Amino acid sequence: MQIYEELKARGLIAQVTDEEEIRELVNNGKATFYIGFDPTADSLHVGHFMALCLMKRLQMAGNKPIALLGGGTGMVGDPSGRSDLRQVMTVDTIQHNCDCFKKQMEHFIEFGEGKAKMINNADWLLKLNYIELMREVGSCFSVNNMLRAECYKQRMEKGLTFFEFNYMIMQAYDFYHMYQTDGCNMQFGGDDQWSNMLAGTELIRRKLGKDAYAMTITLLMNSEGKKMGKTANGAVWLDPAKTSPFDFYQYWRNIGDADVLKCIRMLTFLPLDEIDAMDHWEGSQLNRAKEILAMELTTLIHGTEEAQKAEEAAHGLFAGGASTEHMPTTVLGDAQFENGTIGALSLLVACGLCASNGEARRLVQQGGVTINDKKVEGVDAVYQRDDFAGEGVIVKKGKKIFHRAVTQ
RNA sequence: GGGAGAGUUCCAGAGCGGUCAAAUGGGGCAGACUGUAAAUCUGUUGUCUACGACUUCGGUGGUUCGAAUCCACCCUCUCCCA
């Protein structure tokens, strides 16, 4: 099976500008393609990971990848599909985030001579002169068309500033620029980027009279139509300091039945026939598929060793006989103890399991806290300092959240 | 530039002088059920030294015994006209 067919079979391809041409280019290793990453945070997330996987797959098929850091476009911020204005980032933040992205990307993709290339659009965008830019490309954009673009729909109701409106032009300019400097003839990106990407192929056609292509990756949505890779507390990050390997593993382990196979197909490198075999699994058997998904992904992101630790920890906790080894841990200092004891509520807050004393109180009253395998019966429960020595104390919030507290 | 309207707790959105820590829905958290799933049902959802106290309704000042609610100015946003 050739690469294009494989991508299609995995459900990764959302939209393409010219299927025949793209198939031809990609399958024969003739594409030089770029994917843009705007430095909106100090870590990559699952969406970026999908893009990086795509990059890797296409690279293995002989195509030349360019990872484009959005040091310039990040100065503006993409309004696509958003209902409100993005927080405008400071120059320092953008630089910091770019550095973080760069470091993480190097784990997944090999950069260097003859391999993948990494460039930053700050290198050309920041130098642009307003009047010159307008004279060069301004006449190639129809405001009427831009306003019709799907990505601005939501903003037409709440208002779109001229500042953000320009984002599309910046992104189009990137493609136009790299087409000339790097022979970049294709752009990939999330499906929400479709309008911006078309703006680029259109600009190249108008300015240079040449054809360039664009293809979007299906956005990872769950069966309820919500973007995956997000929790109530924010994204599922690739940086272990922001989302621990254990939490990362658990996110995928806890995925809904309806979404398991789709995720395995889109996110893992398992052979398709193996995945098709799982397609018949039903009911609680799907739990096995969830374990496979969680294990595969955690391995890809954090390495075999971390993945195994996460799996062991999960097995330990849910199959009884909790292993405290890989559990998130809080070290309690002297200040937290009063006369050698600490109250249950303070303990919950100290471990970061509750945001406030009141929340902890509620939780205990509702019977949601277990400490050292014993349900906490009252809000005035107290623990001795000695209890925390050695292995420490296991605090369990609800059914799935385990935390360990120790003394120094 | 002119005119109209809006800013309420995580979000949407009621409230229009005391009975407001603020209806309702969503989301979150917990309990029951279960397969570490989904659906469903129940409770809960500002803070605290907790049957009481304290701080919140864009900002600042004012009227009043009393303000999310009234007035003034300011800021932000939306809509209509140019």
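Some notes on this structure:
- Within chain A, percent of DSSP bridges classed antiparallel, to nearest 5: 50 percent
- Packing here is the average count of other Cβ atoms within 10 Å per residue, and on that basis the peptides A:347-354, A:140-147, highest first, run A:347-354, A:140-147.
- Protection proxy ranking for A:392-399, A:88-95, A:332-339, using the average of other Cβ atoms within 10 Å per residue and placing the highest first: A:392-399, A:88-95, A:332-339.
- Largest GNM mean-square fluctuation among A:Tyr383, A:Tyr152, A:Tyr179, using chain A with Cα springs under 10 Å: A:Tyr383.
- The string of couplings for the stretch A:330-338 from the Karplus curve (6.51, -1.76, 1.60, θ = phi - 60°) is 10, 9, 8, x, 4, 4, 7, 9, 10 Hz, one whole number per residue in order, with x for Gly and Pro.
- Dipole magnitude of chain A about its Cα centre (Cβ charges: Lys, Arg +1; Asp, Glu -1), debye to nearest 20: 740 debye
- Of A:Leu128, A:Met55, A:Gly70, farthest towards positive along the dipole that unit charges on Lys, Arg, Asp, Glu beta carbons give the stretch A:49-158: A:Met55
- Residues A:Asp239 and A:Val143, FRET efficiency given R0 of 41 Å [Cβ-Cβ distance, rounded to 0.05]: 0.55
- Spherically averaged projected area of chain A from its Cα convex hull (nm²): 23.5 nm²
- Cross-link reach list, lysines versus A:Lys309, counting only Cα pairs under 25 Å and skipping chain neighbours closer than eight places: A:Lys103, A:Lys230, A:Lys242, A:Lys290, A:Lys396, A:Lys397, A:Lys399, A:Lys400
- Placing +1 on each Lys and Arg Cβ and -1 on each Asp and Glu Cβ, with no other charges, gives the stretch A:274-408 a dipole about its Cα centre of roughly 640 debye.
- Three-way shape label, the stretch A:208-289, alpha-carbon gyration tensor, a/c 1.5: oblate
- Note that the stretch A:158-163 has calculated 3J(HN,Hα) couplings of 8, x, 10, 7, 4, 3 Hz, one per residue in order, obtained from phi through the Karplus relation 6.51 cos²θ - 1.76 cosθ + 1.60 (θ = phi - 60°); glycine and proline are x.
- Beta bridges from DSSP with both residues in the stretch A:158-269: antiparallel share about 40 percent, rounded to the nearest 5.
- Label point at A:Lys226 placed 7 Å out along Cα→Cβ; residues across the stretch A:50-85 whose backbone nitrogen lies under 19 Å: A:82-84
Only the coordinates and a few stated rules stand behind these numbers; no lab work does. Since we're looking at a predicted model, the values are computed, not measured. Every residue, glycine as well, gets a Cβ built from its backbone with ideal geometry; the counts of neighbours run over all protein chains shown.
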